[in-house]
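Report on the structure given below.
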Amino acid sequence: MLFHVSRLLQEPVGTKRWYELQAEPPVHGGKATLTRTPTGVLVEAQVDVVLEAECSRCLTAFGYPRRVNIEEVFYQQVDVHTGTPIETEADTDNFFIDRKHTIDISEAVRQYEVMAAEMQPLCRLDCPGICAQCGRDLTESACACTGPPIDPRWQALEALKHR
């Protein structure tokens with residue numbers, strides 16, 4: 001997901017370019033708008049991705065689609081006319097245009113994917129999970145277990161229940 005922006009950097013502030021994103025794993029498509037700013041290029045993108053996850057109930061690996069909205073400024077490191085380095089604050093949280101005037105949005109997509117990922121993903125809403133006693137995947141078949149194990153601290157009360 002590379003964009004060569006040397007021509008855009010020579011345009012006035014506010015100049016825009018529009019792009020359709022090609023399928024390139026993990027991206028399955030999307031749109032990007034690049035806008036010239038005084039210090040670089042603003043990238044606004046809507047990226048369709050498939051996030052790889054593990055079900056929090058049955059531990060099965062699966063993928064689920066998400067649309068990730070990116071809005072980041074990529075800062076210039078080199079003057080496009082003279083090739084001289086531009087003084088920038090050494091902030092590791094910023095994204096930069098490389099010295100060949102190319103923007104690579106792959107790292108931004110990766111970071112936004114992490115933020116868009118579900119905390120406890122499910123392979124399906126009604127996933128039964130795995131049996132707490134025998135560990136059988138209940139989506140494949142039911143197990144022969146009679147129920148959850150009784151906490152030994154409550155066994156005396158269980159005896160009263162059967163009188």
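The values are calculated or read from the model by the stated rules, or taken from the named source; none is laboratory data. Being a predicted model, the structure only gives us computed values, none of them experimental. Don't worry about glycine lacking a Cβ; one is built from the backbone with ideal geometry, like all the others, and counts go over all protein chains shown.
Some values worked out for this structure:
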quantity: Filtered residues of segment 40-72 (kept if loosely packed, with under 14 Cβ neighbours inside 10 Å and either more than 15 Å from the chain's Cα centre (by Cα) or within 21 Å of Asp98 (Cα to Cα) (or both)); calculated: Leu59, Ala61, Glu71
quantity: Count of residues meeting criterion [modelled with pLDDT of 85 or more and more than 24 Å from Gly63 (Cβ to Cβ)] in segment 122-135; calculated: 1
quantity: Selected residue (criterion: nearest to the chain's Cα centre (by Cα)) from residues of segment 105-133 that are more than 30 Å from Glu20 (Cβ to Cβ) and surrounded by fewer than 10 Cβ atoms within 10 Å (Cβ to Cβ); calculated: Met119
quantity: Elements of type strands (runs of 3 or more DSSP E) contained in segment 30-139, each with 2 or more residues being of a type in the set (Phe, Trp, Tyr); calculated: 61-75
quantity: Pairs, first touching a residue at least 60 places away in the same chain (Cβ under 8 Å) in segment 17-30, second in a strand (DSSP E or B) and surrounded by 14 or more Cβ atoms within 10 Å (Cβ to Cβ), C-beta under 8 Å, six or more apart; calculated: Pro26/Val49; Pro26/Val50; Pro26/Leu51; Val27/Leu21; Val27/Val47; Val27/Asp48; Val27/Val49
quantity: Check on Ile70, among the hydrophobic types (A, V, I, L, M, F, W, C), over 20 Å from Pro38 (Cβ atoms) and touching a helix residue (DSSP H, G or I) at 6+ places or on another chain (Cβ under 6 Å); calculated: yes
quantity: Residues of segment 145-163 satisfying the condition of being at pLDDT below 75 and farther than 25 Å from Cys134 by Cα; calculated: Lys161, His162, Arg163
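To keep it simple, each residue is scored yes or no on (1) at pLDDT below 95; (2) more than 30 Å from Cys143 (Cβ to Cβ).
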| position | (1), (2) |
| --- | --- |
| Gly29 | yes, yes |
| Thr33 | no, yes |
| Cys58 | yes, no |
| Gly83 | yes, yes |
| Asp91 | yes, yes |
| Arg99 | yes, yes |
